[in-house]
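Trainee: Take a look at the following structure, please.
Every number here is computed from the coordinates shown, using simple stated rules; none is lab data. Since the model is a prediction, treat every value here as computed from it, not as a measurement. Heads up, the Cβs are rebuilt from the backbone with ideal geometry, glycines too, and the neighbour counts pull from every protein chain shown.
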There are 2 protein chains.
Amino acid sequence: MTTAVIYLAGPEVFLPNAVALGAAKKALCQRYGFTGLFPLDAELEAGDTTELAWAISRGNEALIRQADRVIANLTPFRGPSADVGTVYELGFARGLGKQLMGYSNDPTPFANRTWAQFGITGEPGPVGDIRDRDGLKIEEFGLHDNLMIEGGIRQAGGLFISHNASVNDRYTDLTAFERLLQTLV
Amino acid sequence: MTTAVIYLAGPEVFLPNAVALGAAKKALCQRYGFTGLFPLDAELEAGDTTELAWAISRGNEALIRQADRVIANLTPFRGPSADVGTVYELGFARGLGKQLMGYSNDPTPFANRTWAQFGITGEPGPVGDIRDRDGLKIEEFGLHDNLMIEGGIRQAGGLFISHNASVNDRYTDLTAFERLLQTLV
């Protein structure tokens, strides 16, 4: 087994049932022979001082250094893109040379999601230079998010998959997560 | 001089005048004795094939590997957080042990921005467990974005500053960028 320890990056830490979700993801890891490390946020986030924020940051970076692989939940979070904390961790792991995987519970392409949320009325265009209501270019590569994300996973030899979860289970559906674990055994 | 080469991460690549902005940032670097590297997106983004996306991803990661430091424009982009491509690059650079700096042209704290865009009507609360309209926790650390971002910059010994740019100059105002360069000479 080459990837015993997996850091579980994702926006689960912001959910009301963060601790239970972390436990569920760790249990799935164990079922497939891996050790899952869940971000510390949920355990430490009892106060709101800046020092606590630095402690969480240091703690999560340390957990990623310990891990062989990061599996990132890249489901869109408060906008068309993934949670930036998760994306930071994915980039950090890539810089450290870790193995990477990612999934999204929304299969809609990035360009369509961005247009739906930040486009203008009417049809987008012209193809190759689609811009949002602020004149900002919308990537048209058919990817699921900013190209650096899927690009980094691909360069690391990793896999990205998407799954059409129901809206209510958007952050809790573990189908795609488990599918990724299954490819590792 | 310890930091000769600076990678200029930021959402400028999505602006209509991306190339001119890149040139302006590079010229400022030169004025202070540094070499600025601007992301390749603006130069390569002539098509929309997936292969081109991978080429940009590989190219930008290679530029960051060449750099001694990343200065990231973390101005909020299509939502309460910074551009995820920029954040990926910041994390990547942190994993590589590079020096980091960041700035935002919006000084509003992250919690306030998030509440304004994703809060419910009425007052937020209770303090310590403020949640958005989807029940997702809003970080209350008084930071400018997700704690992993400023946390990573801080751990790298870097500086993050914010500047109150006018709305129209939100992505083009180089005041904070230049201020960071000035701290390096």
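Trainee: Taking K and R as +1 and D and E as -1, what net charge do the other residues with C-beta under 12 Å from the C-beta of A:Gly152 add up to?
Mentor: That works out to -1.
Trainee: Relative to the other copies, what are the label-point distances for B:Ala55, with labels 7 Å from Cα along the C-beta vector, expressed in nm at one decimal and sorted shortest first?
Mentor: 5.0
Trainee: Run down the lysines and flag those whose C-alpha is under 27 Å from the C-alpha of A:Lys98, throwing out any fewer than 8 positions away in its chain.
Mentor: Candidates past the 8-residue exclusion: A:Lys25, A:Lys26, B:Lys98.
Trainee: To continue, here is another question. As a check on your grasp of the helix formula, calculate [θ] at 222 nm for chain B: sum -39500 (n - 2.57) over DSSP H runs of n ≥ 4, divide by the residue count, round to the nearest 500. Don't skip to the answer; put the middle values down first.
Mentor: Numbers: 7 runs with 74 residues, N = 185.
Result for chain B, helices only: -12000 deg cm²/dmol.
Trainee: Against the globular-protein guess of 2.2 N^0.38 Å, express the Cα radius of gyration of chain A as a ratio, rounded to two decimals.
Mentor: 1.06
Trainee: Where both partners of a DSSP beta bridge lie in chain A, what percent of those bridges are antiparallel, to the nearest 5?
Mentor: Of all bridge pairs located within chain A, approximately 10 percent are antiparallel.
Trainee: I would also like to ask the following. Mind pulling the angle between the C-alpha long axis of helix B:84-95 and the longest principal axis of chain B? Nearest 10 degrees, somewhere in 0 to 90.
Mentor: It works out to around 70 degrees.
Trainee: Which residues' amide hydrogens lie under 5 Å from the amide hydrogen of A:Ser162, considering only partners 5 or more residues apart or on another chain, with H built in the peptide plane?
Mentor: A:Ser104
Trainee: Report the equivalent ellipsoid semi-axes for the protein assembly as shown in whole Å, largest first, defined as the square roots of five times the eigenvalues of the gyration tensor built from alpha carbon atoms.
Mentor: Its equivalent ellipsoid spans semi-axes of 29, 23, 22 Å.
Trainee: How large is the charge dipole for chain B, taken about the Cα centre, if only the Cβ atoms of Lys, Arg (+1) and Asp, Glu (-1) carry charge, to the nearest 20 debye? Each step should come with its number before you reach the end.
Mentor: Numbers: 16 positive and 22 negative charges, 109 e Å.
With Lys and Arg at +1 and Asp and Glu at -1, about 520 debye.
Trainee: Taking θ = phi - 60°, what integer Hz values does the Karplus form 6.51 cos²θ - 1.76 cosθ + 1.60 yield along region B:146-158, in sequence order, with x for Gly and Pro?
Mentor: 3, 4, 5, 6, 5, x, x, 4, 5, 4, 7, x, x
Trainee: While we're on this one: Would you calculate the separation in nanometres between label points at A:Thr183 and A:Ile120, each defined as 7 Å from the Cα along the Cα-to-beta-carbon direction?
Mentor: 3.9 nm
Trainee: Related question: Using a label position 7 Å from Cα in the Cα→Cβ direction, what is the ascending list of nm distances from A:Thr175 to the same site in the other copies?
Mentor: Nearest to farthest, the other copies are at 5.0 nm.
Trainee: While we're on this one: With labels modelled as points extended 7 Å from the Cα through the Cβ direction, what inter-label distance (nm, one decimal) is found for A:Asp134 paired with B:Asn164?
Mentor: 1.9 nm
Trainee: Nearest 5 is fine: what % of DSSP beta bridges in the protein assembly as shown come out antiparallel, could you say?
Mentor: 10 percent
Trainee: Next question, about the same structure. Residues in region B:107-141, backbone N under 18 Å from the label point at A:Ala20 (7 Å along the Cα-to-beta-carbon vector): list them, ranges by number please.
Mentor: Those under the cut-off are B:134-137.
Trainee: Compute the label-point distances linking B:Pro16 to its equivalents in the other copies; points lie 7 Å from Cα along Cα→Cβ; give nm, one decimal, shortest first.
Mentor: 4.6
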